[in-house]
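J.: Below you'll find the structure I mean.
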Amino acid sequence: MTESPNFRSDLTVELVKHSAADTDVLFAARVSTLGEQSVEEIGKDPERSKGLINYLMRDRHGSPFEHNSMTFLVRAPIFVFREFHRHRVGWSYNEESGRYRRLDPEFYVPGEDRDLVQRGRPGKYEFVPGTAEQHALVGKVMEESYRQSYAAYRDLLDAGVAREVARSVLPVGLFSSMYATCNARSLMHFLGLRTRDERAAAPSFPQREIEMVGERMEEEWARLMPLTHAAFNANGRVAP
């Protein structure tokens, strides 16, 4: 069986299911003073509700932001997931397994808009675009390496070697898929570390590829919980 490697620079994020709305924050917060009547207060005074969410965010009352759920299907290079899995509190993951299925030959090659050159010392550096020659070299070397590694993987499988052993020759630029489930509080913590934004109270310097995933997640979350998202931005993009 001959399989031609596919090279791509785009990462995909799909919101597959959710139970998430600003009202989830409101009833959870108001139960402390209203008990079971907190549900009845939802929708009575939109401006008051907006103010409450902003207060909770500003004064770091975080638990009301946990009563919701979002599940994303993410397709990205393996090295992105290795960073992603550092986020453990409030997250659940299930990733496709190279032990149980033959992995597809789909590999990451940076797009032309991806900065390639790092300048400065650790803790105080910046990335710059790089030259056309560097971009061409990156694409050429990566594609050659990917072709060789996948050919070796295929040869091992064809020789009867177990998938869990054969996968060892594959690089972290291989695409994988996972379901990631979180709540708004855990997502805010992720976004605070894995995206760059001028409104952030604390600077962050994420790798561009995981930032691309974060940006797509944030777009979906902002649509579901606009008041919470606005309060997050207004208060320095710090998780409560």
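FYI, it's all coordinate maths here, none of it is from the lab. Here the structure is a predicted model, which is why all the values come from computation and not from measurement. As a convention, Cβ positions derive from the backbone with ideal geometry for all residues, glycine included, and neighbour counts pool all protein chains shown.
J.: Could you give the dipole magnitude of the chain about its Cα centre, charging the beta-carbon of Lys and Arg +1 and that of Asp and Glu -1, in debye to the nearest 20?
T.: Working: 32 positive and 35 negative charges, 130 e Å.
Using Cβ point charges on Lys, Arg, Asp and Glu, the chain gives about 620 debye.
J.: How high is the FRET efficiency from residue 233 to residue 143, r the C-beta distance, R0 45 Å, rounded to 0.05? Write out the running numbers ahead of the final one.
T.: Numbers: r = 39 Å, r/R0 = 0.87.
Once rounded, the FRET efficiency stands at 0.70.
J.: So, R0 is 30 Å and r is the distance between the beta-carbons of residue 86 and residue 3; what FRET efficiency does that work out to, to 0.05?
T.: Efficiency, from the Cβ-Cβ distance: 0.40.
J.: Identify the trypsin sites (Lys or Arg not before Pro) of segment 44-138 meeting these criteria: DSSP loop state and at most 12 other C-beta atoms within 10 Å of the C-beta.
T.: For trypsin sites (Lys or Arg not before Pro) across segment 44-138 that sit outside H, G, I, E and B with at most 12 neighbouring Cβ atoms in 10 Å, the list reads 44, 60, 86, 88, 99, 101.
J.: Let me ask you something else. Non-local amide H neighbours of residue 69 (under 5 Å, H modeled in plane, Pro and chain starts lacking H): which ones?
T.: Correct list: 19, 20.
J.: Stretch residue 131-residue 114 to full length: gain in nm at 0.36 nm per residue minus the Cα-Cα span?
T.: Numbers: separation 17, 0.36 × 17 = 6.12 nm, distance 1.14 nm.
Residue separation times 0.36 nm, minus the Cα-Cα distance, leaves 5.0 nm.
J.: Can you list which of the GluC sites (Glu not before Pro) found in segment 91-191 are DSSP loop residues with at most 11 other C-beta atoms within 10 Å?
T.: 112
J.: Next up: Taking the Cα of residue 169, stepping 7 Å toward and past its beta carbon, and measuring to each backbone N in segment 65-90: which are under 20 Å?
T.: 78
J.: In whole Hz, with x marking every Gly and Pro, tabulate ³J(HN,Hα) for segment 154-162 from phi via Karplus 6.51 cos²θ - 1.76 cosθ + 1.60, θ = phi - 60°.
T.: 5, 4, 5, 4, 5, 8, x, 6, 4
J.: Right, next: Let's test the formula: R0 of 41 Å, r as the Cβ-Cβ distance of residue 197 and residue 101. What FRET efficiency results, to the nearest 0.05?
T.: 0.65
J.: At 222 nm, what helix-only mean residue ellipticity would the chain give, in deg cm²/dmol to the nearest 500, using -39500 (n - 2.57) for each DSSP H run of four or more?
T.: Result for the chain, helices only: -13000 deg cm²/dmol.
J.: Taking Cα atoms, how many degrees apart are the long axis of helix 208-224 and the longest axis of the chain, rounded to 10 and kept between 0 and 90?
T.: Relative to the chain, helix 208-224 is tipped by roughly 30 degrees.
J.: Here's something else I'd like to know. Using amide H atoms built 1.01 Å from N in the peptide plane, name the residues 5+ places from residue 7, or on other chains, whose amide H lies under 5 Å from its own.
T.: Result for residue 7 returns 107.
J.: What translational D, rounded to a whole number of µm²/s, comes out for the chain from Stokes-Einstein when the hydrodynamic radius is the Kirkwood one over Cα pairs, at 37 °C and 0.692 mPa s?
T.: Translational D for this selection: 162 µm²/s.
J.: Within segment 94-115, list the residues whose amide N lies under 17 Å from a label point set 7 Å along Cα→Cβ of residue 71.
T.: Only 94-97 fall inside the zone, counting backbone N under 17 Å.
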